[in-house]
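No lab work stands behind these numbers, since they all come straight from the coordinates. These numbers were taken from a predicted model, which means no experiment stands behind them. Ideal geometry is used to build each Cβ from the backbone, glycine not excepted, and the neighbour counts take in all protein chains shown.
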Amino acid sequence: MHNLYFVVFKNKDGEYNPLLEELKSDKEKENNRLYAHKKLSAEWFCSQNGYGYADWFVIGGRWSGFLTKTLGKTPVRDMDKFNEEMVDLKKRNLKGKELEKELKETNEWICRDTYAPMGYNDDSMIISKELIRGFKGKEESRDNSMIISKELIRGFKKGKEESQDKSDWVKNCEFVEYVGNKKTFRTISSLNKNDIGKVIVVVDYHN
């Protein structure tokens, strides 16, 4: 089972400035994801021996784009991955309604590499008032945030009426916050104005 998790830590650049965040380079954003990956790799989080939370994890993964969608925006599609999907569809020689269905689902999917160890640029963000509101806001926006693969789209549409309350589900998602060498375990519902300006990174883990 693939689960959603987060890593939170202090923004090394100090006080949060939304205007400066827009000017940050891809390398700076990648460094935040790399830091989170190293922290989880070096500690208790992942083990092949049954200890810890996971036996495997990546940054982003099946939850890549989650933060962008939480803000009510559309994540940038990985066009290389999208083109791979289109080539695969052509090879399968689908026709009629079957082809139409596959094309529709492929176009709904943001098409990202769910096994990329460091994920994508928007898999780490600075926590803002808007992001906290998104986490705690309308249920519909979070439903859309979970549509990552064609398989999830099918499962979501088939079992939506049987699913648990997504509002409670998201609010109860856990994250680990690092302050120096100290770590604290919290849930998304605990995010507040004191967290604005910190970095949050999306993690997909398997257990």
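What to note about this one:
- FRET efficiency estimate (nearest 0.05) - Cβ-Cβ, Trp56 to Lys91, R0 35 angstrom: 0.75
- Counting other Cβ atoms within 10 Å as a rough exposure proxy, the listed residues Leu67, Leu34 run Leu34, Leu67 from fewest neighbours to most.
- Among Asp123, Asp195, Asp80, the ranking by other beta carbons within 10 Å of each residue's beta carbon, starting with the fewest, stands as Asp80, Asp195, Asp123.
- For Arg186, Arg62, the sequence from fewest to most other C-beta atoms within 10 Å is Arg186, Arg62.
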